[in-house]
1. Considering only DSSP states other than H, G, I, E and B, which trypsin sites (Lys or Arg not before Pro) in region B:96-158 qualify as loop sites with at most 14 other Cβ atoms within 10 Å?
2. For chain A, compute Rg over Rh where Rg is the Cα radius of gyration and Rh is the Kirkwood radius from the inverse mean 1/r over Cα pairs.
3. Helix B:20-41 against the longest principal axis of chain B: what's the angle in degrees, Cα atoms only, rounded to the nearest 10?
4. Once you average over the residues of A:28-38, how many Cβ atoms of partner chains fall within 10 Å of each Cβ?
5. At residue B:133, label 7 Å along Cα→Cβ: distances to the other copies, nm, ascending?
6. Using Stokes-Einstein with the Kirkwood hydrodynamic radius over Cα pairs, what translational diffusion coefficient do you get for region A:44-131 at 4 °C and a viscosity of 1.567 mPa s, in µm²/s rounded to a whole number?
7. In terms of modelled amide H atoms, which long-range or inter-chain residues lie less than 5 Å from the amide H of residue B:105?
8. Using alpha carbons only, how many angstrom separate the centre of region B:62-91 from the centre of region A:66-138?
Protein chains: 2
Amino acid sequence: MSKQSEEEDRDLHERRKRVIGRLFLRASRAFEARAVERIHALGYEDYRPSDNLVLIHLDTRGNRVSELADRAGVTKQAISKIVHDLENRNLVAKEPDPDDGRAQIVKLTDRGLEMMMDAFEEVFALDDEFASILPDGDLEKIRQGLLTLLEKLDPGGF
Amino acid sequence: MSKQSEEEDRDLHERRKRVIGRLFLRASRAFEARAVERIHALGYEDYRPSDNLVLIHLDTRGNRVSELADRAGVTKQAISKIVHDLENRNLVAKEPDPDDGRAQIVKLTDRGLEMMMDAFEEVFALDDEFASILPDGDLEKIRQGLLTLLEKLDPGGF
DNA sequence: GCAAATTAGTCAACCAAGTTGACCGAACAC
DNA sequence: GTGTTCGGTCAACTTGGTTGACTAATTTGC
């Protein structure tokens, strides 16, 4: 292998490492791993990242499965599974929808509400932690940039 | 449901949407979806995102499975499966390592090299496309911020 | 007012991208 | 040489989804 190939490899690897999509992926994983860790450490050992897909969209009044699916941008089946799981862990409960005999309203239980509040406190704290790594105001600029980007690329996204 | 709860819900949803981890996740998915689309459109219908885990780390001289696993930050088994898949699609080939009878060297085939070059051209073009959405220089600042962040949070990461 | 089409939700089977664990054969330590 | 470590694979499992088929309830059209 020639010295030149090695250099070319290094250059190409270096360019690839800077591709914005890859940086987004690494950053999102770094965030998620820490979030899960913190929430587990709080005593919610059964917390799972996919719980978020439901928890993040729940309103105080409760929501239908299909409503949650729309908001999350996944299928009803995916939400249905997660809800089932959350039910087994006593974090949400389903009650019949008075307005529609087919539908059911998914609502947080007391335990669910407690976990959700504690979990989001951790997540917001983690956001601050990320902000503190960068010079003052820089994360806020990144956040704003991402919001602009996503408005174009993924409008109405989850 | 009281007017007040609805407002509180809206505020909370709004705060959650701005959590940096979630923005990273959405942005990384938006990027990946477009990258895959573009590469497929190029005629490489069999391209899969996980291919990247191997392709991105391959040197001209070829690499061992375990070397790729180290670089990618996943298990040897995961790389082994992807390599097997790439082999079936005639994108890489394995040859025995002359220096170690246990090992094998994974190398791009001609078709693999061609695909990789074309694919990365698309990815770099996509990076430019993302940059063009934001005011001049802003994506570059985001990139730099992410590199700083990841150096702290995920040093030596993939 | 009632048949036809749509909607809410679930069940089951599958898929993608990993993981852990058991194992084989080659290489290394001494 | 024998014991341990290393390179790689195979198999089974896990997570977070998907598509497809179905039931029961509701809405639409006439």
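1. Details: sites: B:102, B:107, B:111, B:141, B:143, B:152; in loops: B:102.
Answer by residue number: B:102.
2. Values: Rg = 20.4 Å, Rh = 18.5 Å.
Using only Cα positions, Rg/Rh for chain A is 1.10.
3. The angle comes out near 50 degrees.
4. On the way: counts 10, 9, 9, 9, 4, 3, 2, 2, 0, 0, 0.
Mean partner shielding for this stretch: 4.
5. Residue B:133 label point versus its equivalents elsewhere: 2.2 nm.
6. Working: Rh = 13.5 Å.
Rounded, D is 96 µm²/s.
7. B:95, B:97
8. About 36 Å separates the Cα centre of region B:62-91 from the one of region A:66-138.
Coordinate-derived values only; no laboratory data. This is a predicted model, so every value here is computed, not measured. Note: ideal-geometry Cβ built from the backbone for every residue, glycine included; neighbour counts use all protein chains shown.
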